[in-house]
Amino acid sequence: MTFASVGMIFVGLFLVGGVISGLRQGIKPLAVLSGVGAVLAITAGVMWWE
């Protein structure tokens, strides 16, 4: 587990919070963009996990 993988997973979880916030406020484009970013960041973190 590297520092980069932990950082990317943290960023992904932060963006999941953005999805929840966007859905609560009714801002669907924010939720979609945050969701895509979260998936990409968590995927990058898992790929760097080694």
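Quick note: the coordinates plus some simple rules give every number you see, no bench work behind them. Keep in mind that this is a model prediction, so the values were computed, not measured. As a convention, Cβ positions derive from the backbone with ideal geometry for all residues, glycine included, and neighbour counts pool all protein chains shown.
Listed here are the residues, each with its yes/no results for (1) of a type in the set (Val, Ile, Thr); (2) part of a loop (DSSP other than H, G, I, E, B); (3) in contact (Cβ under 8 Å) with a residue 40 or more places away in the chain.
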residue	(1), (2), (3)
Val6	yes, no, no
Val11	yes, no, no
Ile20	yes, no, no
Leu23	no, no, no
Ala31	no, no, no
Gly37	no, no, no
Leu40	no, no, no
Gly45	no, no, yes
Trp49	no, yes, yes
Selection from the stretch 24-48 of residues that are farther than 21 Å from Met1 by Cα, surrounded by 15 or more Cβ atoms within 10 Å (Cβ to Cβ) and among the aliphatic types (A, V, I, L, M): Leu30, Ala31, Leu33
